[in-house]
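To keep things clear, I will list the structure first and then write my remarks on it.
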Amino acid sequence: MKSFLKQWLKQLSAPSITLWLLLLLIVLVVIGTLEQAQIGLYAAQQNYFHAWIAWFPSQSLVKIPFPGGATLFLALFLNLAASFFSRFAWNWKQAGLWICHIGIVLLVIGSALTFYLAQEGVLKLGPNEAKSQFFNSRFYELALTQQGIEYDRMIAFPQSMLMDKAKLPQNDLPFTLEIVGYWPSWIQQHAHPDFASYDPTKVHGDEPGCMVQIWANGSAIAHYGLVLDIPIAFTYQGEQYQLILQHKTYFIPFQVHLMAFERELYPGTDTPKAFTSKVMVQDTKTQREALIQMNRPLRYNGYTFYQSSFYETETGYGSVLAVVYNPAEEWPYFSCILIFAGMVLHFCVKLVGFIHKESRDKGEHHG
Amino acid sequence: MVKVWWIIWGIAFFSCPILVAQSIEPLWQEIPVQHQGRIKPLDSVARLLLSQISGKTTVQIESGKLSATAWFIQVLFQPTQAQGHHIFLIENPEILEHLQIPYHKIRDRYSYHEIRPALPRLYQFVRPLRSKEQQELNLIEKQMLTLLRNVTYFEEFCDTFSFLEPFPPQDAVLAQSLGMPMSLLDYLDFLRFKDQAEHPSLSRPAIQKLRMTWQSQPGSAWMDKIQAEVMHIMQHKLSKVCTLLPPMQSELNHWRSPWQTLVASVMREEESQGLNLWIQLHRAYQQQNLQNLQSLLLQYHAWIQQTALDEKSYFKVSLEAHYNRLDLFFYTRILYLLIVLCCALSWLGHWLEKCYWLGICFILLAFFAHSYGLFLRMLIKGRPPIANLYETMVFVSWFSVGMGAILEFAFRKRLKSISLFAGAGMGLFLLFMAEKFAYESDTMGVLVAVLDSNFWLATHVTTITIGYAATLLAGMIGQIAILLDCFARKSSSNTHADFIRMIYGTISFATIFTFLGTVLGGFWADQSWGRFWGWDPKENGALVLLLWNAFLLHAKASGYIRYYGLVIGSVMGNIMVAAAWWGVNLLSIGLHSYGFSSGIRDRLLFFFALECIFLSLGFWIWIKNNKRDRKI
């Protein structure tokens with residue numbers, strides 16, 4: 001059994017596998033990058049780098065399957081992990097290689113953690129506006145708010161649940177919601193009476209829309225057509241409710257208040273020199289003023305705010321901040337330092353060996 | 001040996017361009033101007049304008065050559081003469097045909113006087129293009145737009161002092177009432193004569209008289225004529241581009257052109273002093289009074305130091321003029337060429353081996369000059385010299401030369417002159433590639449906000465470009481190895497082993513720095529955009545290079561490739577560097593597509609073609625030499 005495992009590990013860690021995987025990864029990165037020019041960064045990430053199987057080229061009818069980034073990284077990870085038990089020798093000369101490859105393993109784990117755990121989005125603040133939530137512009141959700149006396153209760157159904165004929169499970173409501181239809185762009189449905197009240201020239205037709213039916217005691221009591229960011233209010237059994245289709249929203253446990261936004265240009269040009277948002281962050285206990293600039297983000301309670309963009313309003317500039325909450329934020333730092341240290345150590349060991357050999361050869365030559 | 005040293009010092013001495021500085025030209029060159037967002041010497045403005053218009057930094061005239069600054073001063077002070085010089089480079093004969101300009105010869109330059117009659121046709125051609133996107137334009141349309149931009153820009157510089165042109169209405173009655181001939185008067189005399197505030201430096205006694213006349217009999221016919229003429233020049237010839245005069249209010253940072261200063265609602269005493277000095281310079285220039293010019297220039301420098309610039313900024317401006325005068329990278333390029341020739345000569349025969357030592361001396365000299373150039377750029381800009389594509393090329397060439405020299409020292413016994421040749425060849429090639437960018441825009445220009453971080457520029461960009469440099473050097477050595485195998489006598493296995501060691505070591509070094517550079521880039525991205533890795537084209541380029549180097553190291557270490565594999569692999573590394581470094585700019589997407597991308601394509605394709613030739617040679621020689629041993 002033990003020898004079988006050993007045999008198996010040895011095969012898994014074969015250097016030829018490493019080499020093939022590296023080559024495949026190079027090819028994948030090249031075609032993924034070239035495809036970006038056609039399909040954009042986000043689609044390229046989804047179709048190539050984060051995918052298990054990449055279909056190339058993504059815009060043609062005939063597609064060739066290719067191992068995606070996720071597959072290749074997992075395979076490299078396994079190949080490397082197996083090498084620790086079968087291929088690497090335990091001696092000081094190899095210490096650099098050990099450290100370097102442990103770093104790589106940690107880097108891959110950290111990336112996976114970031115991929116699954118991080119929240120990211122944007123916080124758009126008008127002049128003198130305060131907010132405690134941000135949204136991710138790529139994903140949508142259906143939010144139902146039950147208005148209470150002391151606080152409102154919000155239930156959000158993610159995009160993945162918004163499928164045709166899907167019943168949204170929620171036990172403690174007196175009614176159930178059913179998705180009659182969900183469309184990535186609602187304009188195809190504009191003839192339907194539920195959407196008749198929206199003006200396609202004012203509400204962007206290329207944004208998603210959905211139709212919701214409300215069921216209570218086995219009968220349908222109402223149905224609504226929803227488009228992005230336009231709420232619909234209704235009353236049931238004396239309670240106030242509000243339904244809205246919105247960008248996926250995250251709440252932050254404090255408030256960010258935009259005090260001022262400044263934009264500085266180089267004299268006589270349109271080249272920006274600096275963007276600065278002056279904000280006040282406050283929670284129940286403390287409040288603090290901070291400046292957010294390019295290359296100088298604000299970190300607070302595990303959230304990081306970056307100066308991303310700005311827009312003009314009638315009352316002044318508004319600021320767009322990118323927000324990231326990433327519990328695995330430090331992983332790449334530690335793992336990369338390990339990898340680098342390992343590489344340098346190994347390089348130095350080799351270099352010393354080379355110099356020794358040179359001087360020995362020289363000695364022989366003279367002798 | 002001593003003789004050789006004498007020759008070297010002789011060459012160094014005569015090639016030293018500092019000696020040129022005996023005239024008053026440096027005083028002109030060092031005049032501070034604000035241009036494209038930063039304060040620079042007048043010489044830099046002149047060079048940029050001239051190289052954009054004519055593709056070189058001197059002007060050919062009948063009596064010899066004009067330097068950029070001399071030409072620029074003429075544009076400012078004697079525009080009519082300057083308009084006769086042949087400076088507008090028109091490469092495409094189709095353009096000449098369209099505009100009906102008489103054709104000289106291929107790739108020639110045309111004067112403004114020749115182009116002016118064709119301007120209505122140019123405007124007509126360009127008008128419908130305004131609504132088009134940059135990508136939709138074809139070559140001739142782009143060239144027409146460039147020509148129009150150059151012409152308009154040139155015209156506006158010519159109008160900088162248009163208020164000093166003679167006043168055209170020659171009116172006998174007016175002349176009589178003023179008591180002086182009209183030809184002595186210029187626009188300036190009429191521009192401000194109505195002002196109550198006194199600017200003694202700007203007006204003459206005759207103008208006082210004019211003012212009194214105007215006050216006593218407003219609304220006379222010749223007064224209307226003057227008014228109309230003044231309005232006309234203010235509408236058509238009020239030039240704003242040449243911002244020579246610093247702001248006197250500390251809260252402003254926009255410099256102003258002479259015209260803008262003149263028509264500003266408030267003119268302070270210091271400003272009128274500055275303007276007045278320029279006017280006097282203008283008059284002295286017309287009279288070609290050298291002594292007067294010199295003393296005025298000295299006065300002007302004293303004035304600007306007193307009123308506008310602190311010592312440090314003034315020093316930086318003079319330093320930049322000094323840097324321009326030295327033109328170090330031009331001489332460095334020549335030296336690299338000499339080194340390459342020396343190495344090649346030293347291979348030809350035993351009696352020519354002395355040339356090798358000449359090459360060694362040249363490389364020391366060239367490396368010193370190259371380093372000094374980079375050092376000056378660092379001093380002038382106060383940031384690491386790697387902020388745009390031009391600078392990274394100069395830096396990479398510097399680094400590969402240095403690394404080549406070190407390798408030469410390490411392998412001097414067994415692979416004599418190989419890395420010397422590789423390093424100098426690399427330096428020559430990259431400086432040649434970089435040269436074009438120097439003509440296209442200000443290579444010391446301001447940085448957009450996201451790049452403006454000295455810490456990350458110094459760490460990320462330096463390390464990643466060192467990675468590029470080392471990979472390129474390995475590739476260059478690989479190419480030499482291929483050439484030696486092809487054309488020299490059959491090389492021994494000892495030589496092969498040494499080449500392997502050299503290339504393998506260089507690639508290991510390159511891997512470390514590519515990795516460090518990529519990772520530091522990730523840290524920077526994490527600091528300013530909130531993600532460590534985003535699959536941006538430039539990031540991917542660096543990743544591909546890193547993976548390729550890792551592949552080579554693993555393949556070599558596990559015995560899958562040997563000599564030829566490593567050599568061919570290192571040449572492929574060159575292609576990856578070129579694609580990562582310049583190629584992604586051609587995709588024109590992503591966060592890194594700053595810098596300049598026009599004009600890269602042809603050179604890049606040329607480079608790829610060259611590398612492909614080397615690759616096929618490499619495969620051919622491998623197949624030829626290893627019929628039995630199939631392992632690459």
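Is there a residue being exposed (fewer than 14 other Cβ atoms within 10 Å of the Cβ) and of a type outside the set (Gly, Ala, Ser) anywhere in segment B:271-279? Checked against the condition, which is being exposed (fewer than 14 other Cβ atoms within 10 Å of the Cβ) and of a type outside the set (Gly, Ala, Ser), segment B:271-279 yields no hits at all. Checking the structure you have, find out if any residue of segment B:536-545 is facing chain A (nearest Cβ under 10 Å) and outside any helix (DSSP H, G or I). Yes. Taken together, the residues in segment A:269-299 that are surrounded by 17 or more Cβ atoms within 10 Å (Cβ to Cβ) and of a type in the set (D, E, K, R) amount to 1. Residue-level analysis places residue A:296 among those that are free of Cβ contacts under 8 Å to residues at least 24 places away in the same chain, within 14 Å of another protein chain (Cβ to nearest Cβ) and charged (D, E, K, R). Looking at B:516, B:543, which one is out of contact with any Asp or Glu (no Cβ under 9 Å at 6 or more places or on another chain), more than 25 Å from residue B:404 (Cβ to Cβ) and modelled with pLDDT of 90 or more? Just one listed residue meets the conditions, B:543.
Selection of segment B:124-137 for residues being in a loop (DSSP other than H, G, I, E, B) and either of a type in the set (D, E, K, R) or within 13 Å of residue B:98 (Cβ to Cβ) (or both) yields B:132, B:133. Among the residues of segment B:441-469, which ones are in a helix (DSSP H, G or I), in contact with a Phe, Trp or Tyr (Cβ under 6 Å, 6 or more places away or on another chain) and more than 14 Å from every other protein chain (Cβ to nearest Cβ)? The answer is B:465, B:468, B:469.
Considering segment A:269-291, and only residues there that are within 11 Å of another protein chain (Cβ to nearest Cβ) and hydrophobic (A, V, I, L, M, F, W, C), the residue that is farthest from residue B:37 (Cα to Cα) turns out to be A:275. Looking at segment B:61-86, which of its residues are part of a strand (DSSP E or B) and touching a residue at least 40 places away in the same chain (Cβ under 8 Å)? Passing the criteria: only B:67. Within the set B:95, B:53, B:106, the sole residue that is in a loop (DSSP other than H, G, I, E, B) and closer than 25 Å to residue B:140 by Cβ turns out to be B:106. Do we find a residue being closer than 27 Å to residue B:454 by Cβ and within 11 Å of chain B (Cβ to nearest Cβ) anywhere in segment A:312-321? Checking segment A:312-321: at least one residue is closer than 27 Å to residue B:454 by Cβ and within 11 Å of chain B (Cβ to nearest Cβ). State whether one or more residues within segment A:121-136 are at pLDDT 85 or above, surrounded by 13 or more Cβ atoms within 10 Å (Cβ to Cβ) and aromatic (Phe, Trp, Tyr). Checked segment A:121-136: at least one residue is at pLDDT 85 or above, surrounded by 13 or more Cβ atoms within 10 Å (Cβ to Cβ) and aromatic (Phe, Trp, Tyr). The numbered conditions (1) in contact with a Gly (Cβ under 8 Å, 6 or more places away or on another chain); (2) within 13 Å of another protein chain (Cβ to nearest Cβ); (3) of a type in the set (Phe, Trp, Tyr) are all true for residue A:98 except (2).
Any idea which of B:487, B:455 is without any contact (Cβ under 8 Å) to a residue 24 or more places away in the chain, surrounded by fewer than 23 Cβ atoms within 10 Å (Cβ to Cβ) and within 16 Å of residue B:386 (Cα to Cα)?
B:455
For segment A:135-182, what are the residues that are among the aromatic types (Phe, Trp, Tyr) and under 17 Å from residue A:210 (Cα atoms)?
Selection gives A:139, A:140, A:157, A:182.
Put simply, of B:103, B:110, B:123 the only residue that is buried (at least 20 other Cβ atoms within 10 Å of the Cβ), over 22 Å from the mean Cα position of the chain (by Cα) and either on the phi < 0 side of the Ramachandran plot or at pLDDT 90 or above (or both) is B:110.
Any residue at all in segment B:466-476 that's touching a residue at least 12 places away in the same chain (Cβ under 8 Å) and surrounded by fewer than 21 Cβ atoms within 10 Å (Cβ to Cβ)? No - not one qualifying residue is present in segment B:466-476.
Scan segment A:193-211 and tell me whether some residue there is more than 29 Å from residue A:148 (Cα to Cα), among the β-branched types (Val, Ile, Thr) and part of a helix (DSSP H, G or I). Taking every residue of segment A:193-211 in turn, none turns out to be more than 29 Å from residue A:148 (Cα to Cα), among the β-branched types (Val, Ile, Thr) and part of a helix (DSSP H, G or I). Annotation: of all residues in segment A:300-311 being surrounded by fewer than 21 Cβ atoms within 10 Å (Cβ to Cβ) and not hydroxyl-bearing (Ser, Thr, Tyr), the one that is nearest to the other protein chains (Cβ to nearest Cβ) is A:310.
For segment A:13-36, what are the residues that are farther than 24 Å from residue A:50 by Cβ and more than 10 Å from chain B (Cβ to nearest Cβ)? If the condition is that a residue be farther than 24 Å from residue A:50 by Cβ and more than 10 Å from chain B (Cβ to nearest Cβ), then A:13 is the only one that fits.
Assessment of segment B:91-98 against the conditions (more than 22 Å from residue B:56 (Cα to Cα), surrounded by 14 or more Cβ atoms within 10 Å (Cβ to Cβ) and either free of Cβ contacts under 8 Å to residues at least 24 places away in the same chain or not assigned by TED's automatic domain parsing to the domain that holds residue B:45 (or both)) yields no matching residue.
Could you please find all residues in segment A:45-66 being among the small types (Gly, Ala, Ser) and crowded, with 17+ Cβ neighbours inside 10 Å? Hits for segment A:45-66 are A:51, A:54, A:58. Candidates in segment B:134-148 are the residues that are of a type outside the set (A, V, I, L, M) and surrounded by 13 or more Cβ atoms within 10 Å (Cβ to Cβ); of these, the one that is farthest from the chain's Cα centre (by Cα) is B:141. Note on segment A:329-341: among residues that are at the interface with chain B (Cβ under 10 Å from one of its Cβ atoms) and in a helix (DSSP H, G or I), the one that is nearest to residue B:467 (Cα to Cα) is A:340.
Among the residues examined, residue A:62 does not qualify as in a helix (DSSP H, G or I) and either under 25 Å from residue B:531 (Cβ atoms) or not polar (S, T, N, Q) (or both). Among the residues of this structure, residue A:281 does not count as one that is modelled with pLDDT of 85 or more, in contact with a Ser or Thr (Cβ under 8 Å, 6 or more places away or on another chain) and not basic (Lys, Arg).
The values are calculated or read from the model by the stated rules, or taken from the named source; none is laboratory data. All of these numbers come straight from a predicted model, not from anything done at the bench. Every residue, glycine among them, receives a Cβ derived from its backbone with ideal geometry; neighbour counts consider all protein chains shown.
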